[in-house]
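Undergrad: Sharing a structure, written as structure tokens. Questions coming.
Please treat every number below as a calculation from the coordinates, not as lab data. Quick caveat, the model's predicted, so the values are computed rather than measured. Please note: Cβ atoms are built from the backbone with ideal geometry, for glycine as well, and neighbour counts cover all protein chains shown.
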Amino acid sequence: QKVNELRARQHHEEEISSLPMHEGWRYLPLRLYKGFWFPEIILPGVLSLRHHLRPTSSDTFLVSFPKSGTTWLKALAFAINTRNPDLLLSRHPQDCSPTLEGFFAGPNVPDLDALPSPRLLSTHIPYSVLPKSVHDSPCRIIYLCREPKDTLVSSYHFFGRIDRPEAAPQPMPFLEVVELFCMGLSMYGPIWEHQLEYWQVSQSQPDKVLFLKYEDMKADPEANVRRMAEFMGRPFSAEEEMNGMVGEIVRLCSFEKLSRLEVNKVGVRGKAFGFAVKNSSFFRNGKVGDWREHLTKEMAKKLDDITRARLYQSGLTY
Ligand code: A3P
């Protein structure tokens, strides 16, 4: 077993090193795998989980393009699952559900059976790259989509906050980052194809993928929490509704509340991958339309033109 696992790892390493490479945003190189640019350090985990992941029918996958509000989605799904949002007072939302590609990147295959059931499993992997076991399983997927310009701005700021080793190159100027993002060169990019894949499955198999938008969630969080709970097979009872459970979950998972909690303000994570991210980096300002403060008119037009062309006749709009 162990020998087979070692052989598989070696095979994966060879496969990864043969993939087209790009320096990324001058740190954390990217590799093109099945049409998407993955962080090189994450690919062993992606390949391993494609091989090993066995979903169960009660699993809920929480999926997003990075910086689309994953932290919020994790907190909400966790609160819905446990019906105990107070647990978030002492737990970072990122610790409420494992990010699978990170979980599988270590030397041993992780034991997902040890997670409490029903399991919440997170990933940024595009639909077409998920293992067939996920496509074929009756498990559910909640996808959180965010408008590309805001996602780009959020990514740029997050990337700038990574604690780099001294020898690492300085962050790339924003202008260059925008150019690369437009070409699909960002972690898990291109964003348009990432969103479109999940959008299309949500249209053809609404029981499989619930497609949520960050902007809609901000506009009406309670309605979207109810949608999530129903989709997860955990609708709120009349009694819970009466007791204000939905409002309580929304309040505890709000940006204002979570970003001020001590557990989310101190500490770092991600050291195992050679870069450290402050727990507080997952909370910036949580605004819709913040791109207006950062993008020039030309940049915004370029991104909007690409979005219009890529999403043409798909039915997906922001
Ligand atoms: P901004 O950088 O635009 O503020 P992810 O969780 O996928 O890494 O995405 C991070 C983005 O979600 C950041 O956006 C962050 O501020 C925002 N965010 C984090 N927690 C949130 C919450 N509870 N409600 C709304 N947005 C939140």
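Undergrad: What is the packing order of peptides 113-119, 287-293, taking the mean over residues of other C-beta atoms within 10 Å and listing the highest first? List each step's numbers first, then the result.
TA: Working: 113-119: 11.9, 287-293: 13.7.
The packing order, highest mean first, is 287-293, 113-119.
Undergrad: Take the eigenvalues of the Cα gyration tensor for segment 248-318, scale each by 5, and report the square roots as semi-axes in whole Å, largest first. The partial results should precede the final answer.
TA: Numbers: eigenvalues 203, 65, 38 Å².
Equivalent-ellipsoid dimensions as semi-axes: 32, 18, 14 Å.
Undergrad: Let me ask something else. Along the principal axes of its C-alpha atoms, what lengths does segment 96-185 span, in descending order and rounded to whole Å?
TA: Principal-axis extents of segment 96-185 (Cα, largest first): 43, 31, 22 Å.
Undergrad: With a ≥ b ≥ c taken as the square roots of the eigenvalues of the C-alpha gyration tensor of segment 157-263, please select rounded if a/c is under 1.5 and otherwise prolate if a/b is larger than b/c or oblate if it is not?
TA: Working: a/c = 3.30, a/b = 1.56, b/c = 2.12.
The shape class here is oblate.
Undergrad: Order of 80-87, 25-32, 167-174 by packing, highest average Cβ count within 10 Å first? It would help to have the intermediate numbers written out before the result.
TA: Details: 80-87: 16.4, 25-32: 19.1, 167-174: 12.9.
Highest-to-lowest ranking by the protection proxy: 25-32, 80-87, 167-174.
Undergrad: Also: Placing +1 at every Lys and Arg Cβ and -1 at every Asp and Glu Cβ, with all other atoms neutral, what dipole size does segment 9-81 have around its Cα centre, in debye to the nearest 20? Before the final figure, lay out the partial values.
TA: Values: 8 positive and 6 negative charges, 44 e Å.
Using Cβ point charges on Lys, Arg, Asp and Glu, segment 9-81 gives about 220 debye.
Undergrad: Still on this model: Using a Gaussian network for the chain with springs between C-alpha atoms less than 10 Å apart, which of these wobbles most: L196, L19, L210?
TA: Judging by the Gaussian network model, the answer is L19.
Undergrad: What ranking, highest mean first, results for peptides 275-281, 36-42 when packing means the other Cβ atoms within 10 Å averaged over each residue? Let's see the in-between values first.
TA: Numbers: 275-281: 18.0, 36-42: 22.0.
Peptide ranking by packing, descending: 36-42, 275-281.
Undergrad: Rounded to a whole number of µm²/s, how large is the Stokes-Einstein D of segment 23-64 at 25 °C and 0.890 mPa s, given Rh as the Kirkwood radius over C-alpha pairs?
TA: Values: Rh = 12.1 Å.
Estimated via Stokes-Einstein, D reaches 203 µm²/s.
Undergrad: Putting +1 on Lys and Arg Cβ atoms and -1 on Asp and Glu Cβ atoms, find which of G315, M245, A300 reaches farthest to the positive end of the dipole of segment 226-318.
TA: Value computed over the given set: A300.
Undergrad: Working from the alpha-carbon coordinates of segment 23-164, get Rg over Rh, Rh being the Kirkwood radius.
TA: Details: Rg = 15.3 Å, Rh = 16.1 Å.
That ratio is 0.95, to two decimals.
Undergrad: Taking only the alpha carbons of segment 196-249, what extent do you get along each of the three principal axes, in Å, biggest first?
TA: The principal-axis extents, from largest down, are 38, 23, 11 Å.
Undergrad: Taking the Cα-to-Cβ direction at D113 and at E176 and moving 7 Å from each Cα, how far apart do the two end points lie in nm?
TA: My value for the distance between the label points is 4.9 nm.
Undergrad: Dimensions of segment 11-84 along principal axes (Cα, Å, largest first)?
TA: Result, largest extent first: 46, 29, 17 Å.
Undergrad: By how many nm would the segment from E241 to H11 lengthen if fully extended, with 0.36 nm per residue of separation less the alpha-carbon distance? If you can, show how the numbers build up before the last one.
TA: On the way: separation 230, 0.36 × 230 = 82.80 nm, distance 5.24 nm.
Length gained, E241 through H11: 77.6 nm.
Undergrad: Test of understanding: in a Gaussian network model of the chain with alpha carbons linked when under 10 Å, which of M21, M242, M228 would top the mean-square fluctuation ranking?
TA: Sorting by GNM fluctuation, first place goes to M242.
Undergrad: Are any of the pairs K74/K208; K213/K278; K34/K74; K257/K278; K67/K301 more than 24 Å apart by Cα-Cα distance, and if so, which?
TA: Details: K74/K208 18 Å; K213/K278 26 Å; K34/K74 27 Å; K257/K278 18 Å; K67/K301 21 Å.
Correct reply: K213/K278; K34/K74.
Undergrad: According to the Cα gyration tensor, what semi-axes, each the square root of 5 times an eigenvalue, does the equivalent ellipsoid of the chain have, listed from largest to smallest in whole Å?
TA: Numbers: eigenvalues 158, 125, 85 Å².
Taking √(5λ) for each Cα gyration eigenvalue gives 28, 25, 21 Å.
Undergrad: With the Cα gyration tensor of segment 126-177 in hand, give its eigenvalues times 5 under a square root as the equivalent ellipsoid semi-axes, listed largest first in whole angstrom. List each step's numbers first, then the result.
TA: Numbers: eigenvalues 217, 50, 18 Å².
The three semi-axes for segment 126-177 are 33, 16, 10 Å.
Undergrad: If the convex hull of the alpha-carbon atoms of segment 192-318 is projected onto planes in all directions, what is the mean projected area in square nanometres?
TA: Numbers: hull surface 44.2 nm².
Result: a mean projected hull area of 11.1 nm².
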